[in-house]
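Structure first, then comments.
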Ligand code: 6R9
């Protein structure tokens, strides 16, 4: 048993009684109507509070490369980057895409974009040019900040992007020539800018644009504003329980909302030191990282935890992990075995946290001090009114144990303010005065939420949301493919993986060679995260009488479930 220190939140019940978001506003010294700039709060304010020389950021890359930054370094770097952007003519509210591996420039660039008052659009560096194109096109992105490793993908699509004015390559050391319209920027060589007036953004000024996948249509750009800081600060403080002397490690990539809300904004607005490891997964490397940096608070995801479980306990014993004091998880259902396992091997349970790109901050969670029921997401964060709505009527349900739609009363600070250029999709997220998450759950007699599944066809593979539509569209571009349907199939580690069913055009025959050819074709266009693990050729696909492909019939077979109502099935 670890020694128990009182948690930041104290008593959940007491907090529920007197909760107001003004608690966070007061702690941050913000009054309604004031300017609020996330980057200023994460850097300048922390320096003003006397923590300029405190370590803010420890970065580790391949081969043990290490870089360290103080809060003053963050302040200077974000000033320098913001001022460089300004010099290029980038203006407030224009979108600047960050397209990099998890190198320091990604984190510092994010702050620089916000400091300028422009909108940060982080995208996974694993994205292929097709995935990149739809997101840059939709956001009418002005600039992309990238590295030599990834710039070719941007070059390939540049002609299709009339709004894209600047490609900034941050690791140019004069080694490789850049092309016309590209500009090099080196943080190490740039003259540090001591004074930069952070943009006087207001609560509702746009800040971050994260793309998320739905079942239909292209990915949607989730619009966030600077006021989201209020939620992110307080949830990082109460759920992640971050304190001044913590060494925090959030394993998420900032291409995903977890990597920005809690991999940048949460910890740095609290003045907490965080560590980033930019190497591929290995249990030994991860434990080594915890041991070396004496990580105290660790925020990760179920797929990673399941991979650690698979790696076994011997490797745990090789390391001293006694610095850990609090663990949390997000992104997928946290299975009960993972909680029990972590309690056994680390002496600490993983605390679940449930939220979405759209919610911007944690909604339902197992707060420190709250009883853990392994397999349950536990209860709403104070200030969050969450309920279950009836699947048919969208009215709140009162019965326990019945499956309903998870819904949240709108109005928390980090809530999305819309989908980029897609008012219609945004409107569909609200019914009877509730925000619809699109997830299903049950609630037990103690008010604990138990995740059941998604209410749509979106695939959650290793915590990454994949739109079947996006994968199907790419498959259809192959000359041999007539139709396609993409569903999930079970997987021990990733919980679910992508599987594609394909019908072929007349004259084309299924073969292993063709399968390989299609795989190679789509690999260039999709991110590895969205790649099907399997392509199955089939003579026909199940369809409704109106011609819609019934993915759920295919999915049920993969999962060995009942197919349910197939009265609308056309070709039975
Ligand atoms: C932060 C994030 C959101 C979807 C969400 C749900 C699933 C997230 C979960 C969880 C079960 C949890 N999800 N946390 N499912 N238990 N603790 O993950 O954002 O990428 O938008 O995904 O992920 O289905 O609706 P995002």
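Here the condition is being touching a helix residue (DSSP H, G or I) at 6+ places or on another chain (Cβ under 6 Å) and either at pLDDT 95 or above or within 16 Å of the ligand (Cβ to nearest atom) (or both); of 298, 341, it holds for 341 alone. Looking across segment 259-284, the residues that are within 16 Å of the ligand (Cβ to nearest atom) and farther than 13 Å from residue 298 by Cβ come down to 259, 260, 261, 264, 265, 266.
Criterion first (part of a helix (DSSP H, G or I) and touching a residue at least 40 places away in the same chain (Cβ under 8 Å)) does residue 304 satisfy it? So residue 304 fits the description; yes.
In a residue-by-residue description of segment 374-389, the property of being surrounded by fewer than 21 Cβ atoms within 10 Å (Cβ to Cβ), in contact with a helix residue (DSSP H, G or I) (Cβ under 7 Å, 6 or more places away or on another chain) and not in a strand (DSSP E or B) applies to at least one position.
Is one or more of the residues making up segment 326-337 farther than 25 Å from residue 235 by Cβ, modelled with pLDDT of 95 or more and buried (at least 16 other Cβ atoms within 10 Å of the Cβ)?
Pass one, segment 326-337, residues farther than 25 Å from residue 235 by Cβ: 337.
From what's left, modelled with pLDDT of 95 or more: none.
No, segment 326-337 contains no residue that is farther than 25 Å from residue 235 by Cβ, modelled with pLDDT of 95 or more and buried (at least 16 other Cβ atoms within 10 Å of the Cβ).
In the set (1) more than 15 Å from the ligand (Cβ to nearest atom); (2) over 29 Å from residue 550 (Cβ atoms); (3) in contact with a helix residue (DSSP H, G or I) (Cβ under 9 Å, 6 or more places away or on another chain), residue 422 fails one condition alone, (2). Here segment 443-461 is the region considered, the condition is being over 19 Å from the mean Cα position of the chain (by Cα) and crowded, with 19+ Cβ neighbours inside 10 Å, and the residue that is nearest to the ligand (Cβ to nearest atom) is 449.
Whether any residue in segment 313-326 is within 22 Å of residue 57 (Cα to Cα), assigned to a strand (DSSP E or B) and within 15 Å of the chain's Cα centre (by Cα) is what I want to check. The answer is no; no qualifying residue exists.
With respect to being out of contact with any strand residue (DSSP E or B) (no Cβ under 9 Å at 6 or more places or on another chain) and either away from the ligand (no atom under 13 Å from the Cβ) or within 16 Å of residue 450 (Cβ to Cβ) (or both), residue 403 falls outside the description. Screening residue 427 on (1) more than 12 Å from the ligand (Cβ to nearest atom); (2) within 30 Å of residue 140 (Cβ to Cβ); (3) in contact (Cβ under 8 Å) with a residue 24 or more places away in the chain shows it passes everything except condition (3).
Listed here are the residues, each with its yes/no results for (1) within 16 Å of the ligand (Cβ to nearest atom); (2) outside any helix (DSSP H, G or I); (3) assigned by TED's automatic domain parsing to the domain that holds residue 122.
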| site | (1), (2), (3) |
| --- | --- |
| 204 | no, yes, yes |
| 208 | yes, yes, yes |
| 211 | yes, yes, yes |
| 218 | yes, yes, yes |
| 231 | yes, no, no |
| 235 | yes, no, no |
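So which residues in segment 496-535 are more than 24 Å from the chain's Cα centre (by Cα) and assigned to a loop (DSSP other than H, G, I, E, B)?
Filtering segment 496-535 down to residues more than 24 Å from the chain's Cα centre (by Cα) leaves 500-521, 534-535.
Those that are more than 24 Å from the chain's Cα centre (by Cα) and assigned to a loop (DSSP other than H, G, I, E, B): 505, 506, 507, 508, 509, 510, 511.
In the set (1) over 17 Å from residue 106 (Cα atoms); (2) in contact (Cβ under 8 Å) with a residue 24 or more places away in the chain; (3) touching a strand residue (DSSP E or B) at 6+ places or on another chain (Cβ under 9 Å); (4) surrounded by 14 or more Cβ atoms within 10 Å (Cβ to Cβ), the condition left unmet by residue 170 is number (1).
The values are calculated or read from the model by the stated rules, or taken from the named source; none is laboratory data. Here the structure is a predicted model, which means the values were calculated and not measured. Please note: Cβ atoms are built from the backbone with ideal geometry, for glycine as well, and neighbour counts cover all protein chains shown.
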